[in-house]
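Worksheet: one structure, shown below.
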Amino acid sequence: MGQVALENAAILSSIRELVQRPGAAASTGVTPAELAKALSLRSEYLARRLLVALGATSEGVLAREKLVSRVQRLSEAPLGVRLQFAFHVHDDDGDGYLSRAELERMVWLSLEENQLRFADIEVDALIDALFARADGNRDGVLSFDEFYAALGTFPAILEHLSVGDLRGLGFAPVAPPPAVKGRAISAALARNARAWALLVSLWAVTHVALFAYAVLRYRAMGAAPLVWVARGFGAGLNLDAALVLLPMLRWLITVIGRSALGRVLADDHVGFHRLVGWSLVWGGILHTLAHLANAALGPRSVAALLTSTAGATGLGLVAVLGLMGYFARDAVRRSKHFERFRQLHGLYPLFFLLVVAHGPVTWWWVAAPMAAFAVERVILRNPVPVRVLALDPLPGGVTRVTLARPPRFRFDAGDYLFLRVALLGQFEWHPFTISSAPEDAARLTLHVRAVGNWTERLGALASASHPGLDALEAHVEGPYGTPSAHIFRARRCLFVAAGIGVTPFASVLASLLARWQSGAPCAVERVSFVWLCRGQREFRWFTEMLGQLEARFGDRFEARIFMTGARPDLKSTMLLAALEVLYADTARDLVTGLRARTHFGQPPWDALLSELAAREGSGLEVFYCGPHALGAVLEAACDRVKIGFRQEHF
């Protein structure tokens, strides 16, 4: 069964649930209110038009026993029948023609359903452009033949009506964006598989070797089998205690990330830190349980074990690791309780004190990483005071922070810094990607999305009438690098950004704009940029810069915009056609103001990547920044098309 058939089956199942809901008699009809709720429609009028087109009464009530069978027949009908259905939905008075008023009503409702906001004059221009194109005999109404002919000039619009997909006919509820769960080990391994396979394989093989060595050693010493197990896990804990700090050495990761080695090892240093951290948690638990079981079965009592230095420090380590691990989960860090994560992670000095006190040889493992970490914290990290030039609230819960660039603050496109605003938290430092270009000598800009208490307070401060910027005490620390430096070594690039994941690419694109304008040496010959946002307003963040790239370097830069919160289904048919007609007349997209067309829904990844691969050749590289769930989908599509994929973890 194909994907469309599977989706249709799921939709029909949902409609059956609506029909067979408890307490509903077969003789009663499905009402527009019920269907609107089932399909997540904001307008009952649209639900009524769907029901009427299926044969309901003029009030939009359709017998329950007829709903499923008629929807199923519609999914199997030829294109002509499906277009007749679409025409009937738009034809409110049933006279066989679409008047301007009927079309205008459907366009306005479609704008509302897709959360689009246009001025009245823009909507009038849309409808005028569509009528000028479709009304062949100039009688002020559209017949079905004119409706069919108008849509026939837009194959992309016909496609979702012709493949038998009930989603295209408006019978699927709006699906929420996929939830991004905690980054488990399996998810980490799925990202940039080759680099992770190498890094994690080395780590795992070393773990196994240390475990085997400890088991053989204590077996030769005549220890009990449970001691072998405990010591085996203990050997792995020594390794993890030494490694857990290394990914957090910001200057070290910056140096590695900008080197050739960064393409293999430093792609997701935070992910590796979390992998090692969870290994510490579970390894510590198993190590402790093995010792407790051995004490319970052996001559030494559990009480004696727990009152010893090793026992007491071991329990302390398990408690500290458990607290740190629990509050490091995504559910906490991405909630309004980020401060709890930060505070509990501040227990790491206690962890290392207990580690040194617990194991007689552990200090050999952790001495060098601890010394390097101390040097970085005391010497290399140098907070710099900065002047806040502007705090601007932007659509989508984003605040643009503009800072005066400190002297000798050198960074590369895609780098990040840590920001502290004393008014919002005297001891709180938060990392943000720099969205301005390195070539901008006067300013640093950050785009901060409100995802927790601190960022929400920053947004509230930006929205205040007089935030008192001169009195704001702010410091930055950094900059710190990411693997984005590798972008400038690629010849042909595809950047894919989802939501606020556009921020690092904003810096990269602004830098490319400056380099291309100045004629500075640059390996990047051509860039394709795909940006996904749920709503229209988010696209305003960087449209000015994208417009400059389109205007000055249209032969080297192209943008493809996808509004994922909108649906290219039946109720949007005439809106999409009107947008296409107006674009053909003006060469400007009404949603963003760019030359690039805004597409509704998710990108057709396989088709899009195949097209770019055929055009750009073997030099094409894909760089992605956004949610990990979407990254997995894109990476799988890149694998199918045989294109290199890199998920940038900014």
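The values are calculated or read from the model by the stated rules, or taken from the named source; none is laboratory data. Note that this is a predicted model, so its numbers are computed, not measured. Please note: Cβ atoms are built from the backbone with ideal geometry, for glycine as well, and neighbour counts cover all protein chains shown.
Quick notes on this one:
- When segment 550-579 is limited to residues that are surrounded by fewer than 21 Cβ atoms within 10 Å (Cβ to Cβ) and of a type in the set (D, E, K, R), the one that is nearest to the chain's Cα centre (by Cα) turns out to be Arg560.
- The residues listed here are Val388, Val378, Val448; of these, the one that is of a type in the set (A, V, I, L, M) and in contact (Cβ under 8 Å) with a residue 60 or more places away in the chain is Val388.
- Between Leu46, Leu18, Leu41, Leu50, the distinction of being at pLDDT below 80, buried (at least 16 other Cβ atoms within 10 Å of the Cβ), assigned by TED's automatic domain parsing to the domain that holds Val107 and assigned to a helix (DSSP H, G or I) belongs to Leu18 only.
- Matching residues in segment 324-340 - criterion: being modelled with pLDDT of 80 or more and buried (at least 17 other Cβ atoms within 10 Å of the Cβ): Met324, Gly325, Phe327, Ala328
- Cross-chain or 6+ apart pairs with Cβ under 6 Å, segment 472-492 first and within 14 Å of Leu444 (Cβ to Cβ), then at pLDDT below 85 and not aromatic (Phe, Trp, Tyr): Glu477/Arg381; Tyr480/Arg250; Tyr480/Thr254
- Top-ranked residue in segment 430-469 [being hydrophobic (A, V, I, L, M, F, W, C) and surrounded by fewer than 17 Cβ atoms within 10 Å (Cβ to Cβ); ranked as modelled with the highest pLDDT]: Ala442
- Hits in segment 360-402 - residues which are over 24 Å from Asn453 (Cα atoms), crowded, with 16+ Cβ neighbours inside 10 Å and among the small types (Gly, Ala, Ser): Ala372
- Failed condition for Gly55, given (1) within 37 Å of the chain's Cα centre (by Cα); (2) at positive phi; (3) not aromatic (Phe, Trp, Tyr): (1)
- Residue check for Phe600: buried (at least 17 other Cβ atoms within 10 Å of the Cβ) and over 30 Å from Asp135 (Cα atoms): no
- Check on Leu423, over 27 Å from the mean Cα position of the chain (by Cα) and over 22 Å from Ala510 (Cβ atoms): yes
- If you go through segment 491-545 and keep only what is under 17 Å from Glu439 (Cβ atoms) and either in the same structural domain as Phe432 (by TED's automatic domain parsing) or among the aliphatic types (A, V, I, L, M) (or both), you end up with Ala506, Val508, Leu509, Ala510, Leu512, Leu513, Ala514, Ala520, Ala523, Val524, Val527, Met545.
- Some residue of segment 343-358 being crowded, with 19+ Cβ neighbours inside 10 Å, touching a strand residue (DSSP E or B) at 6+ places or on another chain (Cβ under 8 Å) and not aromatic (Phe, Trp, Tyr): no
- When Ala596, Ala613, Ala578 are checked against the criterion of being under 26 Å from Arg82 (Cα atoms) and touching a helix residue (DSSP H, G or I) at 6+ places or on another chain (Cβ under 8 Å), Ala578 stands alone in meeting it.
- Residues located in segment 296-317, provided they are free of Cβ contacts under 8 Å to residues at least 24 places away in the same chain and assigned to a helix (DSSP H, G or I): Ala296, Val302, Ala303, Ala304, Leu305, Leu306, Thr307, Gly311, Ala312
- Residue match in segment 135-143 (condition: at pLDDT 75 or above and either closer than 22 Å to Ala77 by Cβ or not assigned by TED's automatic domain parsing to the domain that holds Val68 (or both)): yes
- Test: residue in segment 39-56 that is over 20 Å from Arg567 (Cβ atoms), touching a strand residue (DSSP E or B) at 6+ places or on another chain (Cβ under 8 Å) and touching a residue at least 24 places away in the same chain (Cβ under 8 Å): yes
- Here Ala578 meets each of (1) out of contact with any His (no Cβ under 9 Å at 6 or more places or on another chain); (2) at pLDDT below 85; (3) within 25 Å of Gly626 (Cβ to Cβ) with one exception, condition (3).
- Segment 132-152, residues that are within 14 Å of Leu579 (Cβ to Cβ) and either surrounded by fewer than 18 Cβ atoms within 10 Å (Cβ to Cβ) or over 36 Å from the mean Cα position of the chain (by Cα) (or both): Arg133, Ala134, Ala150
- Tally, over segment 67-101, of residues that are surrounded by 13 or more Cβ atoms within 10 Å (Cβ to Cβ), outside any loop (DSSP other than H, G, I, E, B), among the charged types (D, E, K, R) and more than 36 Å from the chain's Cα centre (by Cα): 2
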